[in-house]
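Heads up, the thing below is written out as structure tokens.
The values are calculated or read from the model by the stated rules, or taken from the named source; none is laboratory data. Since the structure is predicted, the reported quantities are computational estimates derived from the model, not experimental observations. Every residue, glycine as well, gets a Cβ built from its backbone with ideal geometry; the counts of neighbours run over all protein chains shown.
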Amino acid sequence: MLEKRDFYINGAWVAPAKANDFNVIDPSTEDVCAVISLGGAADTDAAVAAAKAAFKTWSLTAPADRLALVEKILKIYKSRNEDMAQAISLEMGAPIDMARDDQATSGDWHIANFIAAFKDFEFEHRLGDHAPNDRIVHTPIGVCGLITPWNWPMNQVTLKVIPALLAGCTVVLKPSEIAPLSSIVFAEIMHEAGTPPGVFNMVNGDGLGVGTQLSTHPDIDMISFTGSTRAGIAISKAAADTLKRVHLELGGKGANLIFADADPRAVAQGVRKVMNNSGQSCNAPTRMLVQREIYDQALETAAKTAESIAVGRASEPGKHIGPVVSQAQYDKIQGLIQVGIDEGARLIAGGLGRPQGMNRGYFVRPTVFADCTNDMTICREEIFGPVMSIIPFDTEDEALEIANDTVYGLTNYVQSTDGARRNRLARQLRSGMVEMNGKSRGAGSPFGGMKASGNGREGGKWGIEDFLEVKSISGWDNEA
């Protein structure tokens, strides 16, 4: 069993001010796999003080120096890929092959994309020809509290830490206490890269403790949070008294609009996208909207696809999905599957309980409901598990109305060979992102949503801009 009680503060590993052990659970076995400490107010204050002191010099460093540090971080990160994959697989249950190929590599993917975006980033530029002595200057916002989730640990850590550092900010990272091991590896990478003391700090803790302390701290200038909408609302309220900037990447209930003229593979691909990462992705297309002409065929395909998805331990190689992250998550998913049954949705794959032959671990059967209506609980709430709901529609207008009838607005999907229809729907869908015909968004594209899915954007130049203030200056001396 791993013992990882220390925090990373001011360039060194330090013991917590007060012992407060917390067990990290291997979701495949339900056994304790590590012990960490949950921080208290003294630990948070120490990390914030270190970041505040370091900001005075780090904010004034040349962009080229910040770029050089991040390039070194990228090199070391790649060399630690296996360590990162093992940590992620153990802490949150991603199958080891997926942890190597997708989870761990999402971190170096984002770091590389930020490097590319930063090389073309202008921190100072003229307002325009009409005002030759006006300058627009982008300055770092200050000390940033970064609160990250357990479902894609390095995806979210790198989407926050790297642009903040490139912008000239200093940070205090609070990773999820459920999945902290990968962030401990990340802190080791930051130390090895020579990150100046206080520029990057990490304190483990829970939301009610360190999370609230960061959200309310008078010396924190910005909170960037990824997690549930419920927690995002609480953080916004907690941060209001100090008027700090709050960036939120929250939940989703994406609709996947599949028209009769779609590629025949679209249904199976949609099911697999939901089940990936055991359904624990905020941008999963968990509401599949299928045009009536192909509805029966789609149900048959969806059921066969879901039933073909293997479930197994995270430590085992293969293309299976692993457990969900915790007992609480397992119980929530089981409860919502029961609600779906009680409200009259037709179960065509999966269902309650663990997969056959499994009596230990937080394993959930890949589940598909048919004949759903958009007012059902399973179509309204984010389940965050391998559960999909299928809703029939007749017309494009009806599909659009159903898709937009949700409090969420993160990612929607359109499957059709009619390009004009795709473009028309992409403009009207109320979400921060739209993916069409299975085409992933390009490197450096912005990630984020609207409505209850949050605000702000992560990735590329937009991710860097989120950590900057815009300063307007007149009377600029062009000769100086």
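Among the candidates Ile88, Ile36, Ile73, the residue that is outside any helix (DSSP H, G or I), buried (at least 22 other Cβ atoms within 10 Å of the Cβ) and touching a residue at least 40 places away in the same chain (Cβ under 8 Å) is uniquely Ile36. Among the residues making up segment 134-151, those that are farther than 19 Å from Asp206 by Cβ and either among the hydroxyl-bearing types (Ser, Thr, Tyr) or in contact with a helix residue (DSSP H, G or I) (Cβ under 7 Å, 6 or more places away or on another chain) (or both) are Thr139, Pro140, Gly142, Val143, Cys144. Please identify the pairs in which a residue from segment 291-305 that is over 15 Å from Phe369 (Cα atoms) has its Cβ atom under 9 Å from the Cβ atom of a residue that is surrounded by fewer than 18 Cβ atoms within 10 Å (Cβ to Cβ) and among the hydroxyl-bearing types (Ser, Thr, Tyr), counting only partners at least 6 apart or on another chain. If the second residue must be surrounded by fewer than 18 Cβ atoms within 10 Å (Cβ to Cβ) and among the hydroxyl-bearing types (Ser, Thr, Tyr), the pairs left are Gln291/Thr395. Of the strands (runs of 3 or more DSSP E) lying entirely inside segment 351-458, those containing at least 1 residues that are surrounded by fewer than 23 Cβ atoms within 10 Å (Cβ to Cβ) and either under 17 Å from the mean Cα position of the chain (by Cα) or in the same structural domain as Ala112 (by TED's automatic domain parsing) (or both) span 433-436. Of all residue pairs spaced 6 or more apart or on separate chains, those with beta-carbon atoms under 8 Å, a first member in segment 384-405 that is at positive phi and a second member that is assigned to a helix (DSSP H, G or I) and not basic (Lys, Arg) are Phe384/Gly279; Phe384/Gln329; Phe384/Ile333. Quick one: would you say Thr29 is in contact (Cβ under 8 Å) with a residue 24 or more places away in the chain and within 25 Å of Trp150 (Cβ to Cβ)? Here the answer is yes, as Thr29 does meet what is asked.
Among the criteria (1) crowded, with 17+ Cβ neighbours inside 10 Å; (2) in a loop (DSSP other than H, G, I, E, B), the one Leu336 does not fulfil is (2). Taking into account only those residues within segment 112-162 that are among the basic types (Lys, Arg) and over 30 Å from Gly93 (Cβ atoms), which is nearest to the chain's Cα centre (by Cα)? Here the residue is Lys119.
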